[in-house]
Amino acid sequence: MSKKLPEYGTINVPTERGVPFGAITPAPVVQQDLFVTSNWRIVRPVIDNDTCTRCLTCYIACPDSCWAYDDKNDEMVWNWKFCKGCQICIHQCPAEALSPVAELDFPDGVHRLEKPF
């Protein structure tokens, strides 16, 4: 006699603990200084909004949820505080609208925390 395997389907999860479809979790709304991880980055993704097709591939590919779609301005917005510079979004962009630019090429330079933790 074989055991019946559990059925994998929808479970009852409280709304406040739910994860958006596809397990893409948006970046935290509350910006806390202790969660800033951009000081690891040596390369910054720069977007060309004229080339960008708004396919949301960067949004889906980013492991740190650093991309969001701004529907008011019809453009992708990058959250510099959480980007670690992994360049996954750059390599996954089908429109080649993202370019890697050295962090030191920007006037604000490399963001460093006063304390590591």
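Please give the length that would be gained between R54 and D105 if that part of the chain were fully extended, namely 0.36 nm times their separation in residues minus their C-alpha to C-alpha distance (nm, one decimal). If you can, show how the numbers build up before the last one.
Details: separation 51, 0.36 × 51 = 18.36 nm, distance 2.61 nm.
This chain segment gains 15.8 nm when fully extended.
Return the equivalent ellipsoid semi-axes of region 27-105 as a descending list in whole Å, where each equals the square root of 5 times an eigenvalue of the C-alpha gyration tensor. Kindly include the intermediate steps, with their values, before the conclusion.
Numbers: eigenvalues 76, 48, 22 Å².
Ellipsoid half-lengths, sorted descending, are 20, 16, 11 Å.
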From Cα pairs below 8 angstrom and at least 6 apart in sequence, can you work out the relative contact order of region 27-105, rounded to a whole percent? 44
Which of R44, R54 has the fewest other C-beta atoms within 10 Å, and how do the rest follow up to the most? R54, R44
So the FRET efficiency between T15 and S65, C-beta based with R0 = 25 Å and rounded to 0.05, is 0.80
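What is the sum of charges around A68, taking Lys and Arg as +1, Asp and Glu as -1, for the other residues whose C-beta is under 15 Å from the C-beta of A68?
Numbers: positive: R54, K72, K81; negative: D64, D70, D71, D74, E75.
Net charge in that neighbourhood comes out at -2.
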By average Cβ neighbour count within 10 Å, what is the ranking of 63-73, 85-95 from highest down? 85-95, 63-73
Counting other Cβ atoms within 10 Å, which GluC sites (Glu not before Pro) in region 33-103 have at most 15 and lie in a DSSP loop? E96
Subtract the Cα-Cα distance of N73 and Q87 from 0.36 nm times their separation in residues, and report this length gain in nm to one decimal. 2.6 nm
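We did not get these values from a lab; they are worked out from the coordinates using the rules stated. The structure displayed is predicted, hence computed values, not measured ones. Every residue, glycine among them, receives a Cβ derived from its backbone with ideal geometry; neighbour counts consider all protein chains shown.
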